[in-house]
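Readers should treat all values here as calculations from the given coordinates under stated rules, not as data from a laboratory. These numbers come from a predicted model, not from an experiment. Neighbour counts run over all protein chains shown; Cβ positions are idealised from the backbone, glycine included.
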Amino acid sequence: MRLFIRQAKALVKLSFVELWRRNDVFALLVLAVALMVPLSLSSPFGAAGASRYLDEAAILLIWGFSLVIALGTGSRLFPPEFESRTIYPLLAKPISRGALLLGKYAGAVAASWSALLLFYALFAGSVLLRGGSFSSELAQGVVLHMAFVALAVAVSLAGSLVTTPSANLAISGIALVSMFFFGRRLPEYADAVSAPLSWLVDLAYAVGPHAEFFDMRQRLIHGWGAVDAAVFFAVLLYAAFYVASLLGFAALALKRKRL
Amino acid sequence: MNRIAVMAAGCAIAAAAVAVAVVSVSAGRLPQVVKGGGALSVAFADAKTTISSAMVHKADSYFHGGIDMECNECHGHDHDHAAEHDHGAEHDHAGEHGHGHFEGGEALDPWRWINRHVRAPEKHVHLDGKESVEMMPWFWAAVRADPHNVDAWTTAWYVAYKMMKDHALAQRVLDEAKERNPDSLEIAFTEARFTYDGGKGDSAATERILENALSMADRKCGGRFSELSERDAETCRRMREYLADIRKPSAAR
């Protein structure tokens with residue numbers, strides 16, 4: 001157990017260093033500043049006092065950037081190791097394939113969370129600077145967003161073991177973004193189309209990654225208040241179950257992979 | 001890899017430069033180009049209308065406190081949508097939602113139960129008074145995307161004038177709307193209403209605006225009012241009614 005923790009710790013550290021050394025986060029921060037500063041300086045029709053649209057834009061950027069980082073980090077965990085053949089010395093440490101997978105996943109999630117928390121800290125700072133305030137829904141929103149990031153990393157990690165890197169990024173991105181925006185409307189779409197297609201839509205609704213469950217944007221922007229504890233924990237449980245299933249699938253794929 | 005990226009970026013910039021040059025050099029000779037709209041009009045003619053409508057839809061969801069009224073999962077009750085726009089009421093629907101319990105159909109669909117509770121507020125609150133300013137950026141974006149979206153202009157005016165009671169803001173919106181849509185009968189009618197209400201019954205100025213608008217309609221259809229679009233014909237009918245109403249002696253009104 002102690003050996004496993006030491007191995008996992010080393011892998012987490014490695015993922016952390018890799019993400020922050022790549023400067024992706026800083027590039028995204030510069031992009032966010034370039035988009036948000038002109039937006040915050042504008043006064044539509046010369047009317048002062050509107051702030052919710054700024055919050056909406058900022059949170060949407062955080063969602064977009066966190067998805068980019070999560071998918072990028074998750075999809076880069078294994079393919080470069082296979083390509084450069086560094087997987088052989090890594091597995092010769094000795095470390096089991098399961099421990100390697102879990103350690104790398106934990107590292108990718110921790111690194112993505114660190115970027116996410118930085119984005120939220122900047123968002124909170126900008127709201128406080130504008131004289132705004134927060135209530136309990138911010139904490140819930142951040143926790144659910146972290147759960148979403150864990151899910152997105154798991155999706156791209158599992159995909160990276162069965163498809164090519166570009167296909168994985170495209171499929172994972174489309175699946176998560178589609179579910180985020182249209183997931184809750186899939187039953188309506190299924191009702192509107194005929195039999196074979198409706199089955200596919202129903203299947204996507206049943207097993208697709210429901211990214212929209214984690215979306216607390218409207219609650220944060222319009223101050224709806226926190227969600228029920230039962231619902232909150234149900235969403236976390238969903239994320240945990242989904243991540244466990246994906247990691248199980250990834251472990252199987254890694255085990256069967258010819259190295 | 002880097003060379004390909006640089007070449008792709010170079011090609012994209014060159015293509016954009018050629019497109020802008022073609023549009024600016026031969027703007028008068030291209031019938032499909034909307035004058036004054038710039039390169040955006042050429043590239044995204046229909047998309048601009050769609051984006052503009054989406055922005056108005058977003059403003060509507062802001063009016064409903066962030067609820068998307070087209071989404072069944074985001075509000076669990078029937079609304080008299082038209083009536084709602086005239087009041088700033090607050091409803092407590094906690095009881096109706098059966099909060100924390102499975103409702104009909106949800107027992108078989110836990111995803112729906114989660115969505116209903118994450119994405120629907122416990123209280124349906126409307127924006128009212130000065131808070132309504134939150135809708136203005138979306139109207140602004142709507143009319144920037146499509147300056148001929150008359151509904152966006154008139155609704156922005158309504159929000160500024162009736163809800164925020166900000167006459168100066170309403171005047172700015174109306175001035176810009178007129179500048180961008182000099183031929184719009186609806187905007188002329190809005191100006192007349194604003195002149196009459198805001199000018200505390202300045203019937204002479206209002207009559208002038210309405211008569212000008214009606215002659216503009218006359219010019220539009222060459223005197224054959226039956227050839228006006230349904231919307232313009234309806235606006236003309238309302239303008240005539242309004243004109244007749246303000247011409248009545250005050251005791252008869």
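When the helices in chain A are scored as -39500 (n - 2.57) per DSSP H run of 4 or longer and the sum is shared across all residues, what 222 nm value do you end up with, to the nearest 500 deg cm²/dmol?
That comes out to -26000 deg cm²/dmol.
With each pseudo-label sitting 7 Å past Cα toward Cβ, what's the A:Phe16-A:Asp191 distance in nm, one decimal?
Inter-label distance under the simple model: 5.0 nm.
If amide H atoms are built 1.01 Å from N in the plane of the peptide, which residues on other chains or at least 5 residues away come under 5 Å of the amide H of B:Cys71?
Residues meeting the criterion, in which the H sits 1.01 Å from N, do not exist here.
Relative to the first principal axis of the alpha-carbon coordinates of chain A, what is the inclination of helix A:52-75, with its axis defined by its Cα atoms, in degrees from 0 to 90 and to the nearest 10?
In chain A, helix A:52-75 runs at an angle near 10 degrees to the longest axis.
Compute the acute angle (0 to 90°) between the alpha-carbon long axis of helix A:229-256 and the principal axis of greatest extent of the alpha-carbon atoms of chain A; round to the nearest 10°.
That works out to roughly 30 degrees.
Test of understanding: express the Cα radius of gyration of chain A as a ratio to 2.2 N^0.38 Å, with N the residue count.
1.10
Are there trypsin sites (Lys or Arg not before Pro) in the stretch A:48-89 that DSSP puts in a loop and that have at most 10 other Cβ atoms within 10 Å, and which ones?
In loop regions of the stretch A:48-89 (DSSP not H, G, I, E or B), the sparsely surrounded trypsin sites (Lys or Arg not before Pro) are A:Arg85.
Of all the C-alpha pairs in the stretch A:125-259, what % are more than 17 Å from each other?
67
Around B:His124, which amide H atoms from residues at least 5 apart in sequence, or from another chain, sit under 5 Å from its own amide H, with H modelled in the peptide plane?
B:His91, B:His93
Extending each Cα 7 Å along its Cβ direction at A:Ile171 and A:Ala121, get the distance between those two points in nm, one decimal.
Distance between the two pseudo-spin positions: 3.7 nm.
Cross-link candidates for A:Lys9: which lysines have Cα within less than 24 Å, leaving aside residues fewer than 8 places away along the same chain?
Correct list for A:Lys9: A:Lys93, A:Lys104, A:Lys255.
Work out from phi, with θ = phi - 60° and the Karplus expression 6.51 cos²θ - 1.76 cosθ + 1.60, the ³J(HN,Hα) of each residue of the stretch B:150-165, listed in order in whole Hz, and give x for Gly and Pro.
5, 4, 5, 5, 5, 6, 4, 5, 4, 5, 5, 7, 7, 8, 8, 6
For the Cα atoms of chain A, what angle does the longest principal axis make with the long axis of helix A:165-182, in degrees from 0 to 90, nearest 10?
For helix A:165-182, the angle is close to 40 degrees.
Classify the stretch A:110-159 as rounded, prolate or oblate, taking a ≥ b ≥ c as the square roots of the eigenvalues of its Cα gyration tensor: rounded when a/c is under 1.5, otherwise prolate if a/b is larger than b/c and oblate if not.
Since a/c reaches 1.5 and a/b is larger than b/c, the shape of the stretch A:110-159 is classed as prolate.
For the stretch B:170-216, state which trypsin sites (Lys or Arg not before Pro) are in a DSSP loop and have at most 15 other beta carbons lying within 10 Å of their beta carbon.
B:Lys200
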